[in-house]
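Notes to accompany the following structure.
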Amino acid sequence: MYSFSEIHKKIDFIEILTDRKISESSSHLDKINFINQGLNIINAERLRIELGWDIRAFSSAIKTSNSSYVRYKKELKSLNTTLSESIFEIAKVCSFCLDYFENTERFNTWLNTPSLSFDSKKPLTFIDTIAGRELIKNTVNSLKYGYNA
């Protein structure tokens with residue numbers, strides 16, 4: 001019989017986002033160079049769809065308006081550095097969390113359920129900041145090692 005870790009292949013959203021050019025194990029300089037080039041909107045859309053988020057939730061998470069995001073999509077423009085970095089960081093935290101939740105449905109259910117760890121708010125409302133993503137990651141890490149969250 002196989003253990004879960006032998007069967008479960010960790011999803012690396014960074015690889016999805018970068019067409020497998022960058023992974024979680026890539027150097028910091030490679031990641032910085034990729035972000036500075038500007039993320040292709042098609043890859044951002046691929047990540048959004050893979051996460052199962054609607055445009056409203058995704059654009060809110062990266063701190064842009066729905067209309068701006070739709071305009072990037074329509075014009076097939078590369079995203080600016082700030083948006084590229086936000087999406088890259090969201091991909092990192094979502095990869096980490098999915099390792100615990102095992103699938104996007106369970107992860108999204110958790111993200112959209114108010115929690116005491118988040119002052120009785122939904123964790124998703126905190127994903128738009130660096131500190132919020134750290135809080136999400138730390139809370140999931142606590143769940144992973146048996147602490148209540």
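Miscellaneous remarks
- Number of positions in region 12-29 that are part of a loop (DSSP other than H, G, I, E, B) and under 12 Å from the mean Cα position of the chain (by Cα): 1
- Neighbours by Cβ (under 7 Å, 6+ apart or cross-chain): first from region 9-37, in contact (Cβ under 8 Å) with a residue 12 or more places away in the chain; second assigned to a loop (DSSP other than H, G, I, E, B) and surrounded by fewer than 17 Cβ atoms within 10 Å (Cβ to Cβ): ASP12/SER23; ASP12/GLU24; ILE14/SER23; ILE14/GLU24; PHE34/LYS21
- Among the residues of region 42-58, the ones that are surrounded by 20 or more Cβ atoms within 10 Å (Cβ to Cβ) and in a helix (DSSP H, G or I) come to 5 in all.
- Figure legend. Inter-residue proximity from region 86-104: first residues of a type in the set (Val, Ile, Thr), second residues in a helix (DSSP H, G or I) and open to solvent by 10 Å² or more (accessible area, probe 1.4 Å), beta-carbon distance below 6 Å, spacing 6+ or different chains. Indicated pairs: VAL93/ARG133; VAL93/LYS137.
The values are calculated or read from the model by the stated rules, or taken from the named source; none is laboratory data. Since we're looking at a predicted model, the values are computed, not measured. Note that each Cβ is placed from the backbone with ideal geometry, even for glycine, and that neighbours are counted across all protein chains shown. We work out accessible area using only protein heavy atoms, side chains counted, and drop any ligands, DNA or RNA first. Shrake-Rupley method; radii C 1.70, N 1.55, O 1.52, S 1.80 Å.
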